[in-house]
Amino acid sequence: MSTPNSTTKSISLDSYGISHNRIHYQLSSDDLHRITIEKDMGKEASSGALAVNTGEFTGRSPMDRFIVEDDITKDKVWWGNINIPFEPQKFDKLYDKVIAYLNEKELFVRDCYACADPAYKLNIRVINEYPWSNMFAHNMFLRPTDQELAGFDPEWTVVNAPGFMADAKIDGTRQHNFAILNFSRKIALVGGTGYTGEIKKGIFSALNFILPVDKNTLPMHCSANIGEGGDTAIFFGLSGTGKTTLSTDPNRKLIGDDEHGWTADNSVFNFEGGCYAKVIDLSKEKEPEIYGAIKKGAILENVIMDGRGVVDFADTSITQNTRVSYPIYHIDNIQQPSIGKNVKNIFFLTADAFGVLPPISKLTPAQAAYHFISGYTAKVAGTEAGVVEPQPSFSACFGAPFMPLHPAAYAEMLSKKMLESGVDVWLINTGWTGGSYGVGKRMELKYTRAMISAALSGELGLYSYDNYHIHSVFGVAQPRECPGVPTSVLSPRATWNDDEAYYTTAFKLTNAFRENFKKFEVYASEEIRRGGPQRYAF
Ligand code: ATP
Ligand code: MN
């Protein structure tokens, strides 16, 4: 490969036990793009973006995500099959093996940080085996100035060795890949997987422990943007429900698309410095801002291109989870720094594949707490031929895989903040309408956008009988009218041509809600328990 240019900074990793000097420190995005292509690890798309394949893994692997059980975490983490304990001694041994492995490799190192609010800044050093993974870190974490870089003191380290395969029997992992957090040593150790999302979600998980425990700040799996009048909106939702899509709104400044903290003095700050958007079926017409962000500096993952480098976003032959990462400044209308004040609206996004939840409804504080703890969305079985039955999927706080504490800890903080700030809370179904998956179709993005705009501008009016009616099954308040949306779309039952089928399906979902909520009942007040659906099938 070509020699780094003269402005290249250098660094020693002696203190990590890495003794060689084939270390590329703080390379520019352009250099990493070029090196990736020179090493035949990626190609340039016609848009100028770098396109890579992440290898065996094209998504996170939640079953291989561990937390070291030590004095810091022992009594605080909610242990179970989400937060799987790992022994400190095993970690130390595995870490040493990974370091020995990396000691043989050319490395790419980047100093960066998380948390746009200076009071929360977390300095991070990312050590990567691959150049494109290091470019991902450049895109997704916050980028220090030269001044900040001089005397940079990394607090956490991400050690990322996609080519290192663990030996499960000896190393104590489940299989060859792993993502392990160690709070005592402040290390996120990722091996055996090239999926870049593990890098960002490792630090996210660390912050989801540190912020509530040490800083009285609520970490959230949500996107956020800010209106012309300075009002902040946040959008919670599980993967694929629309956090990135809907927060990228040309009329509002983007704060961030995935990870935020809500501080005790009521401001919301982004943890990250970039976005990580799904690109399945992406179109320039429907999502021009994200489409436009795919240019030099962006990294496309697992997409299919033709000989001229033109991406076919409909092609899911590698995965449905095709992605692009880009630094946040690839979007025109952004808030800088990524901090918002004055939270006025909260949206819970759900992709209800049963097609029974209203496309927009307003929640009482108790309903908001209930839905936050439940964290409902649906999985469609669409990839297997003939399977059309959706599966309900519940993930507490709309992000259980990244939440080391018990969900009640986050829910309590959120409930308190919601009451203090007097926000309006909305449940948005970005999923199916006119029937379940297989019969109905996905809610049109332009309608969802119109509903969100109307909620934000106050056009949905006050909570009164004239403006809203209460859904007989879910108990939520549905607006009767919404500018820019055909009235028939607002009532899910009306979009089905079979009343009985609608109610049968709705009860299937409410029963799933009830079943899921059982494990949280002891933590919820009577009021919150009554915030759930009103009717069930017996
Ligand atoms: P992740 O946590 O994995 O980043 P996300 O919540 O950010 O997920 P998006 O990346 O916004 O999810 O994905 C939503 C997908 O659904 C996009 O591909 C978008 O084009 C598509 N979509 C279709 N209809 C709608 C709709 N009505 N509202 C929102 N998104 C929609
Ligand atoms: Mn997203």
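Here is how the numbers come out for the structure above:
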quantity: Within the chain, helix-based [θ] at 222 nm, where runs of 4 or more DSSP H residues each add -39,500 (n - 2.57), nearest 500; calculated: -7500 deg cm²/dmol
quantity: For the stretch 422-497, the spread of Cα positions along each principal axis, largest first, Å; calculated: 39, 26, 21
quantity: Global form of the stretch 40-107, assessed from the alpha-carbon gyration tensor, a/c cut-off 1.5; calculated: oblate
quantity: Label-point gap, in nm, between Lys379 and Ala501 - each point 7 angstrom along Cα→Cβ; calculated: 2.5
quantity: Nonlocal amide H pairs with Leu107, under 5 Å, H built at 1.01 Å; calculated: Ile23, His24
quantity: Dipole magnitude of the chain about its Cα centre (Cβ charges: Lys, Arg +1; Asp, Glu -1), debye to nearest 20; calculated: 400
quantity: Potential extension, Glu459-Asp30 segment - 0.36 nm per residue separation minus Cα distance; calculated: 149.9 nm
quantity: Heavy-atom accessible area per residue - the chain, 1.4 Å, Å²; calculated: 40
quantity: Estimated distance in nm for a label pair at Asn251 and Glu481, the labels positioned 7 Å out from Cα along Cα-to-Cβ; calculated: 1.8
quantity: Among Gln89, Met220, Gln534 the positive-end extreme of the charge dipole of the chain (Cβ point charges); calculated: Gln534
quantity: Cα gyration tensor category, rounded, prolate or oblate, for the stretch 354-458 with a/c compared to 1.5; calculated: oblate
quantity: Centre separation in Å (Cα based) which lies between the stretch 170-224 and the stretch 40-60; calculated: 23
quantity: Gain upon complete extension [Asp265, Tyr523; 0.36 nm per residue less C-alpha separation]; calculated: 90.3 nm
quantity: Point-to-point label distance, Lys186-Glu285, nm (Cα→Cβ direction, 7 Å offset); calculated: 5.1
quantity: Violating pairs (Cα-Cα greater than 26 angstrom) within the set Lys243/Lys284; Lys93/Lys200; Lys39/Lys93; Lys417/Lys446; Lys105/Lys201; Lys186/Lys417; calculated: Lys39/Lys93; Lys417/Lys446; Lys186/Lys417
quantity: At R0 = 35 Å, FRET efficiency that the Cβ-Cβ distance of Lys90 and Lys39 yields, to 0.05; calculated: 0.60
quantity: Euclidean distance of C-alpha centroids, the stretch 465-538 and the stretch 395-449, integer Å; calculated: 14
quantity: Pairwise Cα inverse-distance average, inverted: Kirkwood Rh of the chain (Å); calculated: 24.0
quantity: Probe 1.4 Å - accessible area at Thr54, Å² to nearest ten; calculated: 10
quantity: Estimated FRET transfer efficiency when R0 is 41 angstrom, pair Gln147-Arg535 (beta carbons, to 0.05); calculated: 0.10
quantity: The stretch 307-378: trypsin sites (Lys or Arg not before Pro) in DSSP coil with no more than 11 other Cβ atoms inside 10 Å; calculated: Arg308
quantity: Extension reserve of the Arg493-Lys296 stretch, reckoned as 0.36 nm per residue once the Cα distance is removed; calculated: 66.3 nm
quantity: The stretch 275-330 - percent of accessible surface contributed by carbon and sulfur, probe 1.4 Å; calculated: 49
quantity: FRET efficiency, His176 to Leu419 (Cβ-Cβ, R0 51 Å, nearest 0.05); calculated: 0.60
quantity: Model label zone, His469; criterion: amide N under 19 Å from point 7 Å along Cα-to-beta-carbon; scope the stretch 500-538; calculated: 500-504, 506-507, 534-535
quantity: Solvent-accessible area of Asp265 with every protein chain in place, 1.4 Å probe, in Å² to the nearest 10; calculated: 120
quantity: Three-way shape call for the stretch 342-531 based on the alpha-carbon gyration tensor, with the a/c threshold at 1.5; calculated: oblate
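The values are calculated or read from the model by the stated rules, or taken from the named source; none is laboratory data. On a predicted model such as this, the values are computed, not experimentally measured, just so you know. Virtual Cβ from ideal backbone geometry, glycine too; neighbours counted across all protein chains shown. Heavy atoms of the whole protein, side chains included, go into the accessibility calculation; ligands, DNA and RNA do not. Shrake-Rupley method; radii C 1.70, N 1.55, O 1.52, S 1.80 Å.
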